[in-house]
Each structure stands twice: as C-alpha cells, then as structure tokens.
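Below: one structure, written as structure tokens.
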Amino acid sequence: MDQQTQNDIEAAVFRKLLAHLDERKDVQNIDLMILAGFCRNCLSKWYKAEAEQRGVDVDYDSARELVYGEPYDSWKEKYQEKATPEQLAAFEATQNK
C-alpha cells in the first residue's frame, strides 16, 4: 500500500470514529477515560498537536469543535452529565496503575 492510500484510509477511519462518537453522545468522556484512557478532549489535543507539527495553527477550541461537531460549551451543556462518585472513583483507580 502506498503512503497516500494509507493516509486516505486513516483519515476516513478518523472521520468514522468522530461520526460514531457523535452518534453516541450518551457515552460520557469520563467513561471513555476509564475504559480507553482517552476521550474527545484528548482527540482534540492530538489534532491540534499534529496540525502544529505540520506548521498549521489550530487553536484548541477549533479542534474541539471539529471533534464534538459543535462548539464545546454547547455540546457540554446539552450532553455532558455530572460524573458520579462511582465514575470518579473508577477514573482515579486508572490513574494509580
């Protein structure tokens, strides 16, 4: 497989991941952090960092809007629930490994 084809496939997979996360707004970021060790905010930070490595200035809010599909504050108000004590304890347990 040539590099361009690989890049195209990887980009398509990333878009599918974002679409999947958009369809699963019920999955909270803390749940993603507990189970997978990353969340939507991590994807935003990775996007910003990769853009900057290529000389493209992308601010964090723009990266989050790309990942969340809307401004973060709007998404957070509509979909983010307060973390439960159980979620916080499970997250904390992942930090002590």
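General observations
- Mean-position separation - Cα centroids, the range 5-23 and the range 36-97, in angstrom: 17 Å
- Report summary: the helix-based calculation at 222 nm, which adds -39500 (n - 2.57) for every DSSP H run with n ≥ 4 and divides by the residues of the chain, gives -22500 deg cm²/dmol.
- With a cut-off of 14 Å between beta carbons, the residues surrounding residue 61 carry a summed charge of 0, where Lys and Arg count +1 and Asp and Glu -1.
- Order by protection proxy (mean Cβ within 10 Å, highest first), peptides 12-20, 69-77, 30-38: 30-38, 69-77, 12-20
- Computed 3J(HN,Hα) for the range 77-82, one whole-Hz value per residue from the Karplus formula 6.51 cos²θ - 1.76 cosθ + 1.60 where θ = phi - 60°, is 5, 7, 10, 7, 9, 5, glycine and proline marked x.
- Given (i) 16.1; (ii) 14.3; (iii) 14.9, the label whose value is Kirkwood radius over Cα pairs in Å derived from this model: (iii)
- Cα-centre dipole for the range 1-69 with unit charges at Cβ (Lys and Arg positive, Asp and Glu negative), debye to 20: 180 debye
Coordinate-derived values only; no laboratory data. As the structure is a computational prediction, the values presented were derived from the model and not from experiment. As a convention, Cβ positions derive from the backbone with ideal geometry for all residues, glycine included, and neighbour counts pool all protein chains shown.
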